[in-house]
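Single-structure report; data block below.
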Amino acid sequence: MPLDVYNTIIDQRLAELRGDFFPRLQGRDHLTLEIGCGHGHYLTAYAEAHPHEYCVGIDLIADRLERAERKTSRVGRTNVAWVQAEASLLVAALPDESVLRRIFVLFPDPWPKRRHWKNRLIQTGFLDLLAAKSAVGAQLCFRTDHVSYFTYAYETIRSHPLWELDASSVWPFELATVFQQRASAYQSLIAVRKDARSLSAE
Ligand SMILES: C[S@@+](CC[C@H](N)C(=O)[O-])C[C@H]1O[C@@H](n2cnc3c(N)ncnc32)[C@H](O)[C@@H]1O
């Protein structure tokens, strides 16, 4: 796709997010984000169990989100919203007053071939973006059944200056996602957003 066409599409999507979606985040001071939420099975149940949090589920695929929306509208759940967006685009464009407190990345696409690892969601640049939009103490909760991706995510997060792996944190909410139900085994990690002021003391 020519670069100018690509840039126009990105600009249109950003304008839509700013016009339609971001106003819904105003005044929400406890944002929980699920990236790659699929049909919204997990976040719907999470939102019900955490009524004081405002939950945002994002995915690339519209019909998955439409199913999620139908499910939550049917039961009248108002503390969850679904939005079709690419994760980096949405996180980078979040308004300044929107602060993430918890982020879930559950069974992300593993991109198993080494030459495709650059497509994995967990990358230093993406962790920079998430850190810039997260409160100190915010949790990044990552789970996968792909052993190589787990090691990759673990090492990428471990070497990031603004995230700290926290082996003592308990997984905040258990409910098997669609991909978890298919997995014979999986691994999880929780990382906590560090206080940047503590870095100079390290
Ligand atoms: C393997 S599925 C897992 C779905 C769900 N989390 C589960 O555990 O059942 C990964 C999902 O992430 C979405 N996805 C992949 N890359 C994404 C990105 N950069 N931004 C937003 N969603 C993404 C895909 O469309 C897909 O629905």
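So, restricting to strands (runs of 3 or more DSSP E) that lie completely within the stretch 129-202, which ones have at least 3 residues that are away from the ligand (no atom under 16 Å from the Cβ), of a type in the set (D, E, K, R) and farther than 23 Å from Trp117 by Cα? Please lay out each step first, then the result.
Values: elements: 134-144, 163-165, 187-193.
Passing ranges: none, list empty.
Restricting attention to the stretch 43-67 and to residues that are within 7 Å of the ligand (Cβ to nearest atom) and in contact (Cβ under 8 Å) with a residue 24 or more places away in the chain, the residue that is surrounded by the fewest Cβ atoms within 10 Å (Cβ to Cβ) turns out to be Leu60. When the residues of the stretch 87-127 are filtered to those that are within 10 Å of the ligand (Cβ to nearest atom) and part of a helix (DSSP H, G or I), the one that is farthest from Cys55 (Cα to Cα) is Asn119. Within the stretch 68-77, the set of residues being touching a residue at least 12 places away in the same chain (Cβ under 8 Å), basic (Lys, Arg) and in a helix (DSSP H, G or I) comprises Lys71 only. I'd like the full set of residues that are of a type in the set (Lys, Arg) and surrounded by 17 or more Cβ atoms within 10 Å (Cβ to Cβ), limited to the stretch 112-146. Arg120, Lys133, Arg143 - these are the residues of the stretch 112-146 that are of a type in the set (Lys, Arg) and surrounded by 17 or more Cβ atoms within 10 Å (Cβ to Cβ).
The set of residues in the stretch 7-42 being within 14 Å of the ligand (Cβ to nearest atom), of a type in the set (A, V, I, L, M), in a helix (DSSP H, G or I) and within 19 Å of the chain's Cα centre (by Cα) consists of Leu17 alone. Just one of (1) at pLDDT 95 or above; (2) buried (at least 16 other Cβ atoms within 10 Å of the Cβ) fails for Arg13. It is (1).
The values are calculated or read from the model by the stated rules, or taken from the named source; none is laboratory data. Keep in mind that what you see is a predicted model, and the values were worked out from it rather than measured. A quick note on method: Cβ atoms are made from the backbone with ideal geometry, for glycine too, and the neighbour counts reach across all protein chains shown.
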